[in-house]
Amino acid sequence: MLIGQGIDAHRFGPGRPLVLAGVQVSHDQGLEAHSDGDVAIHALCDALLGAAGLGDIGRHFPDTDAAYAGIDSRILLRRVMASLGSLGLAVHNADLTLVAQQPKLAAYIPAMTQTLAADLGCPPARVNVKATTTERMGFTGRGEGIAAFAVVLLRERAEG
Ligand code: MG
């Protein structure tokens, strides 16, 4: 078994859709980023790359590269999974925490779980997505942005 953790945060900005864990969330602003700003998937990618000893998302998909401008972060996640697959690694389970004062995310969590499980190639029961606030403290509490934390466990894929 190989464990990895990842953290990401992005600032809110106007005129962008809010996409979290591959799911479009209804809100009056989105997250500023070179990509689509999906903090949940970015944290997850870093956890996956960390567990596999492959560095971090910035190394694989530099934000100076125009190829990644506005990219759907699910494409990045699938590329990370392809790298892990080539090393014979599969996801055992993943646990994510989204930190946001607003919007309320509970209603979106089943769709987020299904979406991530599809890209991770594991049963939805092995993917856990949680959301919390920080009781109005700190940058997330002031509504300046959203943070995400992810932990994954990888296993070596069975032969044949
Ligand atoms: Mg990011």
Count, please, the residues in segment 107-160 that happen to be over 16 Å from Ala47 (Cβ atoms) and either at pLDDT below 95 or in a loop (DSSP other than H, G, I, E, B) (or both). 14
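Being closer than 21 Å to Arg79 by Cβ, within 16 Å of the ligand (Cβ to nearest atom) and touching a helix residue (DSSP H, G or I) at 6+ places or on another chain (Cβ under 8 Å) narrows it down to one residue among Leu20, Leu54; which is it?
Details: Leu54 fails: within 16 Å of the ligand (Cβ to nearest atom).
Result of the check over Leu20, Leu54: Leu20.
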So is Ala118 farther than 24 Å from Ala9 by Cβ, under 14 Å from the mean Cα position of the chain (by Cα) and without any contact (Cβ under 8 Å) to a residue 60 or more places away in the chain or not? yes
Go through segment 121-137 residue by residue and tally those that are among the small types (Gly, Ala, Ser) and either farther than 21 Å from Ala106 by Cβ or surrounded by 14 or more Cβ atoms within 10 Å (Cβ to Cβ) (or both). 2
Name every residue in segment 79-94 that is open to solvent by 60 Å² or more (accessible area, probe 1.4 Å) and either in contact with a helix residue (DSSP H, G or I) (Cβ under 9 Å, 6 or more places away or on another chain) or farther than 22 Å from Cys122 by Cβ (or both), in order of residue number. Arg79, Leu87
Restricted to segment 23-35 and to residues being within 16 Å of the ligand (Cβ to nearest atom) and out of contact with any strand residue (DSSP E or B) (no Cβ under 8 Å at 6 or more places or on another chain), the residue most open to solvent (accessible area, probe 1.4 Å) is His34
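The values are calculated or read from the model by the stated rules, or taken from the named source; none is laboratory data. Please read all numbers here as calculations on a predicted model, not as lab measurements. For neighbour counting, all protein chains shown are included, and Cβ atoms are generated from backbone atoms with ideal geometry for every residue, glycine included. Ligands, DNA and RNA are stripped out before the accessible areas are found, and what is left, the full protein with its side chains, is counted by its heavy atoms. Shrake-Rupley method; radii C 1.70, N 1.55, O 1.52, S 1.80 Å.
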